[in-house]
Structure formats: structure tokens, C-alpha cells
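Below is one structure; the comments refer to it alone.
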Amino acid sequence: MPYVFALVCLTVGALTFILDFDLVERGVRDGLPVRYAWYCAFGLLVGLVFLYWQILRLLSYVRR
């Protein structure tokens, strides 16, 4: 059961990048102020850390 939950979290984490990159693309297209670039960068960083954490968790389950 923990394998399934880890795979679901991994999938959700990977799919959030679609939303993050869409936000960046729309922000550039609409000409948002530069200060919003930090929000977009922070969102990408949080998604990357979450994805890394989930991969490590899944590998720990496989190792057991």
C-alpha cells in the first residue's frame, strides 16, 4: 500500500510542473511585473523539492 501512495504523490508532484510552467508562460505573455518571477521560481523550487522527497521515499520502500 505505501508503494501506491508514493506513486500517486510522485505523479501529482510531476503534474504540478505543468501548472507551474503554465503560470510562468502566462506571466511572461501578460507582462507581469518582475516581482512575480519570485513567486513562480518559488513554486518551481517547492515542486522540485517535493518531487525529490517523494522519489527518495519510494526508493526507501523499494530498498526494504
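The values are calculated or read from the model by the stated rules, or taken from the named source; none is laboratory data. Everything numeric in this text was worked out from a predicted model, so none of it was measured. Cβ: placed from backbone, ideal geometry, glycine included. Neighbour counts: every protein chain shown.
For (1) touching a Gly at 6+ places or on another chain (Cβ under 7 Å); (2) modelled with pLDDT under 95, each residue gets a yes or a no:
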| site | (1), (2) |
| --- | --- |
| Ala6 | no, yes |
| Thr16 | yes, yes |
| Gly31 | no, yes |
| Val34 | no, yes |
| Tyr39 | no, yes |
| Leu48 | no, no |
| Tyr61 | no, yes |
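Taking residues in segment 47-60 that are within 13 Å of Thr16 (Cβ to Cβ) and touching a residue at least 12 places away in the same chain (Cβ under 8 Å), and partners anywhere that are surrounded by 11 or more Cβ atoms within 10 Å (Cβ to Cβ) and not aromatic (Phe, Trp, Tyr), the pairs with Cβ atoms closer than 6 Å and at least 6 places apart or on different chains are Gly47/Thr16; Gly47/Asp20; Phe50/Gly13; Leu51/Gly13; Gln54/Cys9; Gln54/Leu10; Gln54/Gly13. Given Val12, Val24, Val4, which one is hydrophobic (A, V, I, L, M, F, W, C), exposed (fewer than 11 other Cβ atoms within 10 Å of the Cβ) and free of Cβ contacts under 8 Å to residues at least 40 places away in the same chain? Of Val12, Val24, Val4, the one residue that is hydrophobic (A, V, I, L, M, F, W, C), exposed (fewer than 11 other Cβ atoms within 10 Å of the Cβ) and free of Cβ contacts under 8 Å to residues at least 40 places away in the same chain is Val4. The residue that is farthest from Gly13 (Cα to Cα), counting only those in segment 27-64 that are in contact with a helix residue (DSSP H, G or I) (Cβ under 7 Å, 6 or more places away or on another chain) and hydroxyl-bearing (Ser, Thr, Tyr), is Tyr36.
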